[in-house]
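A quick write-up on the structure given underneath.
Any read-out appearing in this document is the output of simple, stated calculations on the displayed coordinates, not a laboratory observation. Fair warning: this is a prediction, and the values are worked out from it, not measured in the lab. Using ideal geometry, Cβ is built from the backbone for each residue, glycine included, and neighbour counts are taken over all protein chains shown.
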């Protein structure tokens, strides 16, 4: 079970490896991130009892957003240590080859 | 409401601060200012008369109406304060949220793929319960069958959003007849 920045790093890696995730979310007004020392992991906020993962989804979506969120949750669960994991889709990123 | 309260409290506290400074200056006779020289005698008498009138039950109808209006205003303000603020993000299920712009982009993209729609504007409101309230305004040519377009557009948007897993608790579609020269797309 990871904690603090390690958990944030693991969550970020797990989220980015999930199909349908383009990048980590940067928030709108405040950047969600976890800091420790000189290190910063964007898009993940680790709390004592919860874990918030902000993502930017790839568009067109390869599968419904709840499924993407569930996959992320499953990947993160072993490291999360029972924390309630919340997935927030901050934005959609249109793929370069799509003429949308 | 939060912004209004903040502005109100700033003005109130600023006013109290200014009054406090004046009170100290006049109470301690600083800078040649004396409490007795303040023109508050008439004001004090007015307050006295008002309180006496309220005790005797002899207030004028105009005063009673103003007091009732103030009480109603206070009640409305109190109820508005009790009402919780709308969440910023759209709740999808347990532990999954999307920002309103994501839903807006998705609805707008789908709406503008419908052949009769020349342009659209979307407003999404998040709710405390899962799902968003979507207000979609679509611009169409004059003389089209609005009812058919409206129902088609509504079902297309609902179908697409449910495919993507974006829950919509209420979808309001409004069609506006527009000049194609002034819309985003002239021909679909």
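Within region A:77-94, is even one residue without any contact (Cβ under 8 Å) to a residue 60 or more places away in the chain, in contact with a helix residue (DSSP H, G or I) (Cβ under 6 Å, 6 or more places away or on another chain) and more than 14 Å from every other protein chain (Cβ to nearest Cβ)? The answer is no, given that none of the residues of region A:77-94 is without any contact (Cβ under 8 Å) to a residue 60 or more places away in the chain, in contact with a helix residue (DSSP H, G or I) (Cβ under 6 Å, 6 or more places away or on another chain) and more than 14 Å from every other protein chain (Cβ to nearest Cβ). Does any residue of region B:50-66 turn out to be outside any helix (DSSP H, G or I) and surrounded by 10 or more Cβ atoms within 10 Å (Cβ to Cβ)? Yes, some residue in region B:50-66 is outside any helix (DSSP H, G or I) and surrounded by 10 or more Cβ atoms within 10 Å (Cβ to Cβ). In region B:68-91, which residue that is in contact with a helix residue (DSSP H, G or I) (Cβ under 8 Å, 6 or more places away or on another chain) and assigned to a strand (DSSP E or B) is farthest from the other protein chains (Cβ to nearest Cβ)? Ranking the qualifying residues of region B:68-91, first place goes to B:90. Looking only at residues in region B:109-121 that are surrounded by fewer than 19 Cβ atoms within 10 Å (Cβ to Cβ) and not in a loop (DSSP other than H, G, I, E, B), which one is farthest from the chain's Cα centre (by Cα)? My answer is B:109.
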